[in-house]
Amino acid sequence: EAVIALLRGNYWEVADKVEFFVPNKHAAGGQSALRYKRQTEHLAEAFYKLVAERANKIFTEIPNLKGIVVAGPGPTKEEFLEEGELDHRIRDKVIAIVSACCADIGGVLEAIRNAEDKLKETEYVKAKKLMEEVMYLAVKKPEYLVYGKDAVMDSIKKGIARLVIVSEDVGEDEIMNLTLMLRGRKDVELFVMPKSVEENLTLTQTFGGYVALLSSPSWLNYNSEVGGEASS
């Protein structure tokens, strides 16, 4: 089996799955073992060509393809690149060759993890890194973080939010409102945490789906407000 998956921004999805029966090689005596080996090698080659044909069709239709990760157990990934007859335009886009257990969801996730260094610019990996920063601030520097819709909106209005992270679960209307609110603002960035990322569960259950990382401690802004009211 083979899975062709696409990583688009925050999301990944299976674009195609190729199934093909190739018997496992086994030890046998005499000419029968040699014939069996040749048959399985021919079948494997046919399988690689079929996968390459499907991959060529899918990837050549993506105008801004950034890179391709080839993954699989043992030597299968290298054999595929040697025998699969990938279109040269697609082959030139291969940025990583990594190990993965199998051709299913678990294998796709493992391939993404193992190719993380090469995929560090993608939104999927960025989502994980941002949640690591959120958890660090929550434990070590809580004054640089607020959470919950009201507190996050307040930090945006006061101009102390440098990064706003919201869960995709808050809904399209809320995300659109935030996008419009932050349009033209260069001091704050908006990131929508995808449902497909494991950390989204922490974002929604622990932080209410809204987090803002602050450019200055929350207590500093509070003290300045109190001082302003007292002087007036």
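Could you give the size of the charge dipole of the chain about its Cα centre, using +1 on the Cβ of each K and R and -1 on the Cβ of each D and E, expressed in debye and rounded to the nearest 20?
Computed charge dipole of the chain: roughly 460 debye.
Run the helix sum for the chain: -39,500 (n - 2.57) per DSSP H stretch of 4+ residues, divided by residue count, reported at 222 nm to the nearest 500 deg cm²/dmol.
Using -39500 (n - 2.57) per qualifying helix, the result is -15500 deg cm²/dmol.
Test of understanding: in a Gaussian network model of the chain with alpha carbons linked when under 10 Å, which of Ile160, Ile112, Ile62 would top the mean-square fluctuation ranking?
Taking springs between Cα atoms under 10 Å, the residue moving most is Ile62.
Only Lys, Arg, Asp and Glu count, each charged at its Cβ (+1, +1, -1, -1), so figure out the dipole size of the range 73-154 about its Cα centre, rounded to 20 debye. Present the calculation step by step, with values, prior to reporting the outcome.
Details: 13 positive and 18 negative charges, 81 e Å.
Result for the range 73-154 is approximately 380 debye, rounded to the nearest 20.
Given that just one value was derived from the coordinates, which of [x] 18.0; [y] 21.1; [z] 18.8 is Kirkwood radius over Cα pairs in Å?
Matching entry in [x] 18.0; [y] 21.1; [z] 18.8: [y].
Along the Cα-to-C-beta direction of Ile95, a point sits 7 Å from the Cα; which residues of the range 51-84 have their amide N less than 15 Å from that point?
Taking a point 7 Å out along Cα→Cβ of Ile95, the residues of the range 51-84 whose backbone N falls under 15 Å are 63-71.
Among DSSP bridges having both ends in the range 2-114, what percentage is antiparallel? Round to the nearest 5.
Approximately 60 percent, going by the DSSP bridge assignments.
Kindly provide the GluC sites (Glu not before Pro) of the range 70-169 that DSSP labels as loop, not H, G, I, E or B, and whose Cβ sees at most 11 other Cβ atoms within 10 Å.
Glu121
Any read-out appearing in this document is the output of simple, stated calculations on the displayed coordinates, not a laboratory observation. Please read all numbers here as calculations on a predicted model, not as lab measurements. Positions of Cβ are backbone-derived with ideal geometry, glycine not excepted, and every protein chain shown enters the neighbour counts.
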